[in-house]
Structures are given as C-alpha cells and as structure tokens.
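The structure under discussion appears below in the form of structure tokens.
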Amino acid sequence: MVKICLISLGCAKNTVDSEAILALFNQEDFKFVTSFEESDCIIINTCGFIFDAKKEGIDTILKAIKYQKRVFVLGCLVERYLEELKESIPEVEMWVKFSDEYQKLPQMLKEAFPSLRIRDTLSFSNRVISTDNYTFYLKISEGCNNFCAFCSIPYIRGRFVSYPLEELVEFSKKKAEEGYKEVVVIGQDPTSYGKDLNGQNINLVTLLKELNKIDGIGFIRCLYLYPEGISDELIELIKSSDKFTHYLDIPIQHASNKILKLMNRRDTKEGMLKLFKKIKKEIPDCILRTTLITGFPGETKKEFEEIKEYIKEIQFNHLGVFTYSREEGTRAYNLPHQVRESTKINRRNEIMTLQADISSKLNKNLVGKEYKAIVTKINYNGTYNVRCGYNAPDEIDGQIILRSNNSYKIGDIINIKISKAYVYDLEAVDSEI
C-alpha cells in the first residue's frame, strides 16, 4: 500500500487533471493522504498562469522535497519552465509536461511503482472525484484558440480541443447514478465547445441540453464564459430550465475599447453592454460575475476611469480583480507603456472598494428572495453553508449561512429564504415553499 499525497494548485481545470491522475492507480493499491509527512510519494500538479501562481508552485515543491519523499511534479509550471526547474531543483524524481509526455504518465508511473497496478491510459472520463460527494466538475475542452495578449494558456495547454459529447454525457450520467447532484461545466473557453467537431453540428447548448435530461442532477452551472460566445439560444436555455443556476460567470477583463484591442479580445465595450442588458431583461434574477485586469500596458487614468464607470453601469453581483502579470512568451510582454506595480495594486484596490458598495446594495435587494439550494457544509455551531444560484463553488463568491432547526446532510437539496445581507455574504432561513 503506497501512501500518496496529491497537491492540486490553481484552477478547477487542474483539479480535474489531478482526479484523472489518481484514477490511474488501482484503488486497492494506494491510500490518499493529505500530509507530506505521512506520504510515501508527493505528486504536485502546478499552475503557471501568473507570477503568484508560479511562486506558489515553486514554494510547494521546495517544501515537499524537505521531507525527503519521492516527489513528482507536473502541470502548467513544468510545461513552461521544465529545463530551469530540472536544473534548479534536482531532488524532484519526475517532471511531466503536457505537450509530449502527459499520455506517457501511466508508463512513467509503472516504472516508478513496479509493484502497483497502473492503468494504461489517462482519461478525464475516468476520475477519482476529489470534491464533495454531491458535486463534480465537468471539463468539456482543453486548450484555447483566443490568444489573449496577457494569457499564456494557449502556449501551455495548446490549441482548443472539445472532448467527445458522448463521453461527457455518459460520465455525467454515471455520476448522477452515484448520487452526485451538481455539475459545474468548465473549460478555458466553454462557449467554443464543438467548433472543432467539424460537421457534427454540436455546440455548448447541445451539450447542456443533454445534461439537462439527466435524472438526479439538480444543479447545472457554467463558468468562464467568453462574452462573444454567449448566444441567445444559451440564454434561453438557462432561462427555461430550473436545473440551470441563474448565474453567469463572464470574465470581461476590461471596459476600454483601446485596452480590449491591445488585449486581443474580440469584444467591445458596447457589445458587452448590449449582452448584459439582454441577460438582465431575459433573466432578471441572474447573478452576474466577472473578472478584470488592472494595469495592462497602455492603461492610463482615462482607461481606468472607463472601468469604474462600466462597473457602476452594469452592477455585477460578484467581481474579482487581477493586477496585470507580465508573462514571457505572451503578446503583451513587450508592449510599451508598462504600468508600475504600485499603480496596478492601487487601481485594483480602488475597484474592490467600489465593488463593495455595489455588492452590499445588491445583496440587500436579495433579502426575502427564495432559492433552491444545496447544503455544502455543517458548521460546529449548528448552522449550515449552502450554495444556490447566488454563489459558485470554491468560495470564489460570498457564502450563505443557513440558520435552521431542521437536520440536514451535506448534499441535501432544500429551499431557503434570504434573511440578512452583508457586503459579500448572506444569511438564510428555511423557506416555507
């Protein structure tokens, strides 16, 4: 019995990769542990998207090798900096890139663990789910074709590839039969799903309609939607079925046409405004989330003020802000008029202060509203954490605390009424519905 500690850094897409890696091992041959000290082997799945993520990955590797265990490292950081990492951290036993070695991982593990039974093929439809036993991520694609000027993902993960529709649906049916009730659809660019499947007339809506048919699935949520790809058909589908959370995560990155063009985004300020107005008209209770970047090269005070005015006009429920990270190999790396770090941070803080006022106001408007929700945590004081159309997994949004005299289990689907509102969080009670 081998004790494996698997650390998955970065986004939910990395979590799916890590789950597929765990599934390579025969379940009777290994034990999954959570501490470096207890483990025989440490597998670290890294992120290499921005500076902070790279630092976290390197810090985690350096911490792991101190325990003198077998350390295997893979993921985005390795794809970008393999040779430098091998030279500077020779204590790592195995480095695994995406581009030419990812499918070699099973054989590499067989050689590393000759006494264990290792599957021959890495498959994302065969995973050991690491999330709670009511929810799972469904990664529907790999790579990206957008080549946004700030983003290294196409160079790390490669060109966009859709996973087969039949595999995604069958995997989701299997999870529903096992008791999973929530599916979270993810990908670097989910709205491009099916564009590479020539002649098959398949798109994101096609997939979502199939997921909507699955008995047992009570919540379907889509994350990371590219604004340009959100069709009227998609909006209508989300509006028409109570399985779809009325929640849209639409990263816009900026609100200045000048900066959007420099970012190599295909959207315009006016086009996105039209989209958000349409969503609010068709789905009035829709929760909107976005992410922005401050300090992109060429961003002056004028363009920054455009972001602030745009936020005031749209009124996003949830908003995250990244400061621009200058990543070698990307189009923006050598752009002129780089913005000083202190200015990026100050602008980020200014936006978050503005957003706090907006969030507080919008949250107060939710008091008295009723939602279908899923119980995600039982707290020591007798309260519960719940999730509904208001908030996404992994605590990227505010939390909802339920005060109830009823006894619930994690994964129960219940009805709640919002009773109190704070800047980012909500309180709820049982609904009488």
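Here are some notes:
- Environment charge at I401 (Cβ cut-off 11 Å; Lys +1, Arg +1, Asp -1, Glu -1): +1
- Pairs with C-alpha atoms separated by more than 21 Å, drawn from the list K302/K344; K63/K377; K54/K344; K175/K239; K13/K372, are K63/K377; K175/K239; K13/K372.
- Disulfide-incompatible cysteines by the Cβ rule (no partner under 4.7 Å) in the chain: C5, C11, C41, C47, C76, C144, C222, C286, C388
- Cβ-based charge dipole, the chain, positive-most Cα from N264, F244, Q200: N264
- Considering only alpha-carbon pairs that sit under 8 angstrom and 6 or more positions apart, the relative contact order computed for the chain is 10 percent.
- The charge dipole of region 144-205, taken about the Cα centre with unit charges on the Cβ atoms of Lys, Arg (+1) and Asp, Glu (-1), comes to about 160 debye, rounded to the nearest 20.
- With K and R counted +1 and D and E -1, the other residues having a Cβ less than 12 Å from that of G218 yield a net charge of +1.
- Secondary-structure-derived ellipticity at 222 nm for the chain, considering helices only, amounts to -10000 deg cm²/dmol, per-run term -39500 (n - 2.57) for DSSP H runs with n ≥ 4.
- Across E210, E328, the residue with the most accessible area heads the list, and the full order at a 1.4 Å probe is E328, E210.
- Global geometry of region 69-157, whether rounded, prolate or oblate, following the gyration tensor of its Cα atoms and the 1.5 cut on a/c: oblate
- DSSP assigns beta bridges within region 115-237; of those with both partners inside it, close to 20 percent run antiparallel.
- For region 148-179 and region 37-86, distance of Cα centres in Å: 24
- Of K213/K417; K361/K417; K3/K69, those spanning more than 20 Å from alpha-carbon to alpha-carbon: K213/K417
- Within region 1-124, percent of DSSP bridges classed antiparallel, to nearest 5: 5
- Leading residue at positive end of dipole, the chain (Cβ point charges), from Y390, F32, N317: N317
- For the chain, built as a Gaussian network whose Cα springs stay under 10 Å, the top-fluctuating residue of T330, T135, T294: T330
- Sorted largest first by accessible area at a 1.4 angstrom probe radius, with every protein chain in place, the residues M352, M1, M272 fall in the order M1, M352, M272.
- Estimated at 0.36 nm per residue, the fully extended path between T206 and D425 surpasses their Cα-Cα distance by 75.4 nm.
- In the assembled protein chains, E313 presents an accessible area of approximately 100 Å² (probe radius 1.4 Å).
- When only Cα pairs below 8 angstrom with a gap of at least 6 residues are kept, region 360-433 shows a relative contact order of 37 percent.
- Each Lys and Arg adds +1 at its Cβ and each Asp and Glu adds -1 at its Cβ; summed about the Cα centre, region 288-387 shows a dipole of about 360 debye.
- Note on D232: accessible area approximately 90 square angstrom, rounded to 10, probe 1.4 Å, nucleic acids and ligands left out.
- For the chain, a Gaussian network of Cα nodes joined below 10 Å ranks N257, N405, N391 by mean-square fluctuation, and the top entry is N405.
- Normalising the average separation of contacting C-alpha pairs (under 8 angstrom, six or more residues apart) by the number of residues puts the relative contact order of region 52-107 at 34 percent.
- DSSP-defined antiparallel bridges as percent of all bridges, the chain, nearest 5: 35
- Dipole moment magnitude, nearest 20 debye, the chain about Cα centre, only Lys, Arg, Asp, Glu C-beta charged: 900
- Extreme residue, positive dipole direction of region 73-122, given options C76, M108, V92 (C-beta unit charges): M108
- Ligands, DNA and RNA aside, K417 has an accessible area near 70 Å² when probed at 1.4 Å.
- Pairs of alpha carbons in the chain whose separation is greater than 39 Å (percent): 22
- Gaussian network model of the chain, springs between alpha carbon atoms under 10 Å - residue of S162, S404, S152 with greatest fluctuation: S404
- Peptides 113-120, 356-363 ordered by average Cβ neighbours within 10 Å, highest first: 356-363, 113-120
- Calculated from the alpha-carbon coordinates, region 303-433 shows an Rg and a Dmax of 19.1, 60 Å respectively.
The values are calculated or read from the model by the stated rules, or taken from the named source; none is laboratory data. Predicted, not measured: the structure shown is a model, and the values here were computed from it. Note that each Cβ is placed from the backbone with ideal geometry, even for glycine, and that neighbours are counted across all protein chains shown. Ligands, DNA and RNA are excluded from the accessible area calculation, which covers all protein heavy atoms including side chains. Shrake-Rupley method; radii C 1.70, N 1.55, O 1.52, S 1.80 Å.
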